[in-house]
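The values are calculated or read from the model by the stated rules, or taken from the named source; none is laboratory data. All values derive from a computational prediction rather than experimental measurement. Cβ placement follows ideal geometry from the backbone for every residue including glycine, while neighbour counts extend to all protein chains displayed. Accessible surface areas use protein heavy atoms only, side chains included; no ligands, DNA or RNA. Shrake-Rupley method; radii C 1.70, N 1.55, O 1.52, S 1.80 Å.
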Number of protein chains: 2
Amino acid sequence: MSILVVGSVAYDDITSPSGTVKNILGGAATYFSLAASYFTQVRVVAVVGNDFGAEQESVFHKHGIDTRGIERAPGKTFRWGGTYADNLNEAKTDFTNLNVFEAFQPQIPKGFKDTEFLFLANIQPTLQANVRREMNHVRLTGCDTMNYWIQRTPKELAETLKLVDLLLINDTEAKMLASETNLPRAANKVLAMGPRALVIKHGEYGATIFFREGAFGIGHHPFRAPALPMDEVKDPTGAGDSFAGGFMGYLASQKEVDREALKRALFYGSVMGSFAVERFGTEGLQSLSRPEIDARFQIFRELTHLQ
Amino acid sequence: MSILVVGSVAYDDITSPSGTVKNILGGAATYFSLAASYFTQVRVVAVVGNDFGAEQESVFHKHGIDTRGIERAPGKTFRWGGTYADNLNEAKTDFTNLNVFEAFQPQIPKGFKDTEFLFLANIQPTLQANVRREMNHVRLTGCDTMNYWIQRTPKELAETLKLVDLLLINDTEAKMLASETNLPRAANKVLAMGPRALVIKHGEYGATIFFREGAFGIGHHPFRAPALPMDEVKDPTGAGDSFAGGFMGYLASQKEVDREALKRALFYGSVMGSFAVERFGTEGLQSLSRPEIDARFQIFRELTHLQ
């Protein structure tokens with residue numbers, strides 16, 4: 001199987017208590033692709049500027065990621081700068097230069113149209129919906145969004161949510177989207193908006209998947225995966241996108257997407273998130289191996305499973 | 001086996017989004033005792049005033065809790081009033097009348113001296129240490145504390161921590177005690193202060209147990225238990241003490257306190273916490289059965305365990 005991701009490719013400047021890096025490769029689609037590439041064939045649709053060269057592209061190619069959908073536009077690549085304080089939970093944005101990303105109109109290469117798994121990273125909801133509608137062979141669509149779209153384009157987002165199977169957001173976003181402070185009640189409201197399952201990410205506490213009654217199997221009990229207690233988080237940037245990449249990538253590698261597959265996928269999402277934050281930028285995702293990933297999966301299992 | 005708990009018995013006034021109750025039985029030792037009573041024989045050491053009558057005492061007796069250690073002092077019982085806002089994570093204290101609790105000097109009845117399990121609920125650290133020193137047959141001591149003692153009596157608390165096997169605190173308290181924002185690093189610092197294992201409670205995200213290297217078994221990998229995603233938390237009061245009661249009570253029922261027993265205990269702690277918050281005050285703990293508790297344990301297992 002293969003998976004197509006639509007989202008941002010960017011250059012980031014990042015400062016955390018562990019140091020500062022500048023002009024490193026980032027963006028949601030980048031983190032997602034690298035994380036997913038350990039499980040399945042990945043196709044990226046994104047836009048970059050003239051400053052995106054062979055060196056950057058080779059990061060994708062080394063992982064067999066198909067970059068035919070990365071459009072070159074005149075101008076500069078999206079740039080973002082952020083600083084993490086001591087608690088590392090939230091970045092203070094130092095600057096956001098959308099550059100070529102501002103006018104991004106995703107173009108799906110013809111050769112990508114048969115892709116069966118789709119991930120709509122965090123872009124404007126109508127663009128997400130357009131991509132979904134263009135992909136006629138898709139079996140499963142995952143989607144991300146953020147507070148900006150929840151607050152500014154609620155109608156457009158509502159339309160998009162009707163078209164997706166899985167939504168992956170964090171606690172704050174779920175509560176904001178549902179206008180509800182209780183998490184399980186918020187989850188139920190979000191599930192009523194369209195997705196068949198909702199993954200809520202709790203940062204250092206892991207993630208919970210909520211199912212719509214009867215979706216992907218029987219019942220509606222949620223399931224929780226932990227995050228790894230880590231002595232040092234170097235750079236939280238891309239943790240959520242790496243989570244999504246592990247989660248969706250694993251699903252795309254499975255014959256059947258049932259509840260057990262979704263539960264294991266939640267673990268693989270957490271695993272990939274843990275690798276991402278151990279190093280700056282995408283460094284933690286660049287030279288892994290599947291046995292290394294499965295060894296960490298085992299650590300996550302031991303962290304939560306009784307004998 | 002039996003367990004002795006030293007702590008507060010109180011009357012509470014509580015307001016939450018689900019309603020208001022007044023003059024209900026509360027206090028750390030009360031929640032702890034009731035939760036632990038489903039697993040083992042419980043002995044309480046506390047102080048109450050003239051306003052504590054047969055009706056209140058019968059709540060303990062119905063659960064076979066030995067109340068010979070509840071001292072009657074002239075004056076009124078400890079009273080606390082609190083209000084929970086929408087997020088239910090933290091109570092705003094409306095009033096605290098320590099009353100007879102202010103001069104509490106725990107007296108251990110002679111018949112309690114052979115108790116092998118001990119829980120020092122949240123009282124002044126020197127009182128905790130004195131009780132521990134008096135109990136010569138104790139195999140395992142659990143301990144709670146709070147920000148007030150961490151900030152005001154750090155030396156006394158440090159002495160107490162040298163005498164206990166297990167410390168049960170929340171994220172904020174752990175970080176404050178260790179002067180460290182990273183949780184696993186904070187845990188290691190706290191373990192260096194004395195306890196062989198540290199349980200950090202994450203509220204709606206569950207709890208993690210950290211082990212000192214080699215304590216209770218091999219290795220030093222932590223273990224996480226979830227909390228139950230709940231549609232309605234009526235009253236979070238006593239959740240931590242109920243957690244401690246389930247955790248310690250289960251341990252006291254086991255032949256051997258090894259890592260596997262501690263992991264299961266962490267689940268039982270979460271289970272008892274979940275029952276406590278479903279209803280106001282101690283109501284959620286008053287009429288349970290062991291099969292009901294074990295059925296919920298099974299739900300917690302399904303919430304986290306892959307097939």
Q: List the distances, in nm to one decimal, from the label point of A:PRO154 to the label points of the same position in every other copy, shortest first, placing each label point 7 Å from Cα along the Cα-to-Cβ direction.
A: 4.7
(Q) Using only the alpha-carbon atoms, what does the range B:216-282 span along each of its principal axes? Please give whole angstrom values in decreasing order. (A) 40, 22, 12
(Q) Suppose accessible area is computed on protein heavy atoms with a 1.4 Å probe; arrange B:SER37, B:SER253, A:SER287 from highest to lowest. (A) A:SER287, B:SER253, B:SER37
(Q) Considering only C-alpha atoms, what is the centroid distance from the range B:1-75 to the range A:188-211, in Å? (A) 38 Å
Q | Alpha carbon centroid spacing (whole Å) that separates the range B:253-274 from the range B:131-166 | A | 21 Å
(Q) From the mean inverse distance of alpha carbon pairs (Kirkwood) and the Cα radius of gyration, derive Rg over Rh for the range B:90-167. (A) 1.00
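Could you sort the peptides A:124-137, B:200-213 by per-residue average Cβ neighbour count (10 Å cutoff), highest mean leading? Let's see the in-between values first.
Working: A:124-137: 17.3, B:200-213: 22.0.
My ranking of the peptides, most packed first, is B:200-213, A:124-137.
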Q | Sequence-distant residues sharing a close amide H with B:LEU288 (under 5 Å, placed H) | A | none
(Q) Based on Cα coordinates alone, diagonalise the gyration tensor for chain A, multiply each eigenvalue by 5, take square roots, and list the semi-axes in whole Å, largest first. (A) 26, 23, 20
Q) Between chain A and chain B, with a rotation axis joining them, whose C-beta in A is nearest that axis, and what is the whole-Å distance? A) A:TYR205, 2
Q: Mind checking which of B:GLY81, B:LEU34, B:ILE65 is farthest towards the positive end of the range B:30-87's charge dipole, using Cβ charges of +1 (Lys, Arg) and -1 (Asp, Glu) about the Cα centre?
A: B:ILE65
Q | Highest-MSF residue in chain A out of A:ASP86, A:ASP258, A:ASP171 [GNM, Cα springs under 10 Å] | A | A:ASP86
(Q) In Å², and per residue, what accessible area does the range A:206-299 have when probed at 1.4 Å with the other protein chains present? (A) 34 Å²
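Output the antiparallel fraction of DSSP beta bridges having both residues in the protein assembly as shown, as a percent to the nearest 5. Mind dumping the intermediate values first?
Details: 40 of 104 bridges.
Bridges in the protein assembly as shown are about 40 percent antiparallel.
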Q. In nm, what does the list of distances from A:MET1 to its counterparts in the other copies look like, shortest first, when each label sits 7 Å along Cα to Cβ?
A. 4.6
Q) So for the range B:139-213, what percent of the C-alpha to C-alpha distances run longer than 15 Å? A) 48 percent
Q. What does the accessible area of A:CYS143 come to, in Å² to the nearest 10, when a probe of 1.4 Å is used?
A. 0 Å²
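Which three semi-axes in whole Å describe the equivalent ellipsoid of the range A:60-196, each the square root of 5 times a Cα gyration tensor eigenvalue, listed largest first? If you can, show how the numbers build up before the last one.
On the way: eigenvalues 135, 103, 39 Å².
The equivalent ellipsoid of the range A:60-196 has semi-axes of 26, 23, 14 Å.
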Q. If we restrict to alpha carbons, what Rg and Dmax does the range A:195-234 come to, in Å?
A. 13.0, 40
Q) Of the beta bridges DSSP finds with both residues in chain A, what % are antiparallel, to the nearest 5? A) 40 percent
Q. If the label for B:SER18 sits 7 angstrom from Cα along the Cα-to-Cβ line, what are its distances to the same label in every other copy, in nm to one decimal, shortest first?
A. 4.1
Q: Report, in debye and to the nearest 20, how large the dipole of the range B:202-299 comes out about its Cα centre when Lys and Arg carry +1 and Asp and Glu carry -1 on their Cβ.
A: 300 debye
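Determine the total buried accessible area between chain A and chain B, counting protein heavy atoms only with a 1.4 Å probe; round to the nearest 100 Å².
Using a 1.4 Å probe on protein heavy atoms, the buried area is about 3200 Å².
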**Q.** Quotient of C-alpha Rg and 2.2 N^0.38 Å, computed over the protein assembly as shown
**A.** 1.04
